[in-house]
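Enquirer: Structure in structure tokens, see below.
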Amino acid sequence: MNILSIETSCDETAVSIVKVDGQFPDASYEVLGDALHSQIDIHAEYGGVFPALAKREHAKKLIPMLTKALEQAELLHEEASELPQEHVEMLHELLVHESESGMTEELITFFQTYEKPDVELIAVTSGPGLEPALWVGVNFAKALAEVWNIHVVPVNHMEGHVLASIFDVEEDDKLVQVGFPAVSLLISGGHTELLRMDNWGTYEKIGQTKDDAVGEAFDKVARMMGLPYPGGPEISRLAKLGRTANLPEYAALPRPMLHSGDLHFSFSGLKTAVRYAIDGKELGETDMQALARDFEDAAVEVLIKKTQKALDETGAQTLIIGGGVSASEFIRQSFHAHLLESHPDVEIYFPNPGLSTDNSIMIALSGHARSANASNPAAARLIKADGNRNIAE
């Protein structure tokens, strides 16, 4: 079957068409079409994602991304036909909050121009994420489902990151058959959490951040240092230079909650320590490099130590690391080096770099998993965005 997947949880508008052959979790997946629009340039002047702008941009870009993905998949076929009045009224009612963007009229034109594509399921991110942004994607998915008369399944964004990390795109386009129990570390701009996985689709949250997510801390520290958004890659670039030059320590930064005895995280204190370290000072280039390295070292040490503790407590032989921050070269190298020494039997999985940040391919993977687990296929029909929760709740 072909799955149409939609992702609008933050600042990427993404639509994919993924062909599925087989049953979850043994299926193979072929990406037929993949369209993504990033809003980074729009939000850069704010130093972070501005929800109202993200919502507006999703409403403007969803139909172009849908058209592009269907065209890539060779599933976009013209067939002029009148849209029934009941569907026109439904679209105006459903998309009333997107009316200012012209989305409703544009979607009506789309339906009247193109025939229903060969798609059997729609998967859409329903949470967690920015609520205004999520609702644009959810309502868009509901509109497509109503007019095309196909099922739509709500997907948890974080499960998408888990599955993207074990999607073997270089070999046979299948999910790696991991051993359970497994531990998953999800690190992004909005989340830092540890999950225990006892089976496919079974998650228990065993650790999470008490304040800032690690990616959020990277961005905020970068802003303090006058670096452009997104700040994470800039911090890592400077840190690499400081590490290569073996610069002396700029600031003795704390490792928050490192010895708390639990699996929770906190990065707010680390961020504050950086603020105190630079308060009133003029930072030179080598100062920037040393401070970036000191911060990155502190943050990554906490991630590694907490993850090692999670592996010890669960006895897991599989570690899955996902989310946008997992794209960091230093994080990947550090985890491999430290776990090779402390947990040599643990298999570590990172996503392909193109699947580490938010994307709709991971939503298709999770959508297939969710539909496979539904005891009643009709139960997958999305009535409201009730998936706007954390993964293990």
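The values are calculated or read from the model by the stated rules, or taken from the named source; none is laboratory data. Predicted model only: the values in this text are computed from it and were never measured. Here Cβ is always computed from backbone atoms with ideal geometry, including for glycine, and neighbour counts include all displayed protein chains.
Enquirer: List pairs: first residue in segment 85-96 and within 16 Å of Ala59 (Cβ to Cβ), second residue among the small types (Gly, Ala, Ser) anywhere in the structure, Cβ distance under 7 angstrom, at least six positions apart or on different chains.
Expert: If the second residue must be among the small types (Gly, Ala, Ser), the pairs left are Leu91/Ala143; Leu94/Ala143; Leu95/Ala143.
Enquirer: Could you grab me the full set of residues in segment 108-138 that are over 28 Å from Thr202 (Cβ atoms), surrounded by fewer than 23 Cβ atoms within 10 Å (Cβ to Cβ) and of a type outside the set (Phe, Trp, Tyr)?
Expert: Matches in segment 108-138: Ile108, Thr109, Gln112, Thr113, Glu115, Lys116, Pro117, Asp118, Val119, Pro132.
Enquirer: Still on this model: Taking segment 219-228, which residues are surrounded by 14 or more Cβ atoms within 10 Å (Cβ to Cβ) and either out of contact with any helix residue (DSSP H, G or I) (no Cβ under 8 Å at 6 or more places or on another chain) or closer than 18 Å to Ile187 by Cβ (or both)?
Expert: Asp219, Lys220, Val221, Ala222, listed by residue number.
Enquirer: Follow-up question, since we're still on this one. Within segment 374-393, can one find any residue that is touching a strand residue (DSSP E or B) at 6+ places or on another chain (Cβ under 8 Å) and at pLDDT 80 or above?
Expert: no
Enquirer: Output the strands (runs of 3 or more DSSP E) that fall wholly within segment 118-201 and possess 1 or more residues being over 30 Å from Ser266 (Cβ atoms) and not assigned by TED's automatic domain parsing to the domain that holds Ile6, or say none.
Expert: Answer list for segment 118-201: 192-199.
Enquirer: With the structure loaded, tell me whether Val178 is modelled with pLDDT of 95 or more, surrounded by fewer than 24 Cβ atoms within 10 Å (Cβ to Cβ) and β-branched (Val, Ile, Thr) or whether it fails that test.
Expert: Criteria not met by Val178.
Enquirer: Further question on the same structure: List the number of the failed condition for Ala245; all other conditions in (1) closer than 24 Å to Ala327 by Cβ; (2) exposed (fewer than 14 other Cβ atoms within 10 Å of the Cβ); (3) at pLDDT below 95; (4) small (Gly, Ala, Ser) hold.
Expert: Here Ala245 meets the rest and fails (3).
Enquirer: To continue, here is another question. Glu216 versus (1) outside any strand (DSSP E or B); (2) at pLDDT 90 or above; (3) touching a helix residue (DSSP H, G or I) at 6+ places or on another chain (Cβ under 6 Å); (4) surrounded by 23 or more Cβ atoms within 10 Å (Cβ to Cβ): which is the lone unmet condition?
Expert: If we test Glu216 against (1) outside any strand (DSSP E or B); (2) at pLDDT 90 or above; (3) touching a helix residue (DSSP H, G or I) at 6+ places or on another chain (Cβ under 6 Å); (4) surrounded by 23 or more Cβ atoms within 10 Å (Cβ to Cβ), just (3) comes out false.
Enquirer: Would you tally the residues in segment 246-287 being in contact with a Lys or Arg (Cβ under 6 Å, 6 or more places away or on another chain) and part of a helix (DSSP H, G or I)?
Expert: Here the count works out to 1.
Enquirer: Scan segment 330-367 for residues that are among the acidic types (Asp, Glu), in a loop (DSSP other than H, G, I, E, B) and surrounded by fewer than 21 Cβ atoms within 10 Å (Cβ to Cβ) and jot them down.
Expert: Listed by number, the list holds a single entry, Asp345.
Enquirer: Does Glu285 qualify as being in the same structural domain as Ile206 (by TED's automatic domain parsing), loosely packed, with under 15 Cβ neighbours inside 10 Å, farther than 30 Å from Val176 by Cα and out of contact with any Asp or Glu (no Cβ under 9 Å at 6 or more places or on another chain)?
Expert: Yes.
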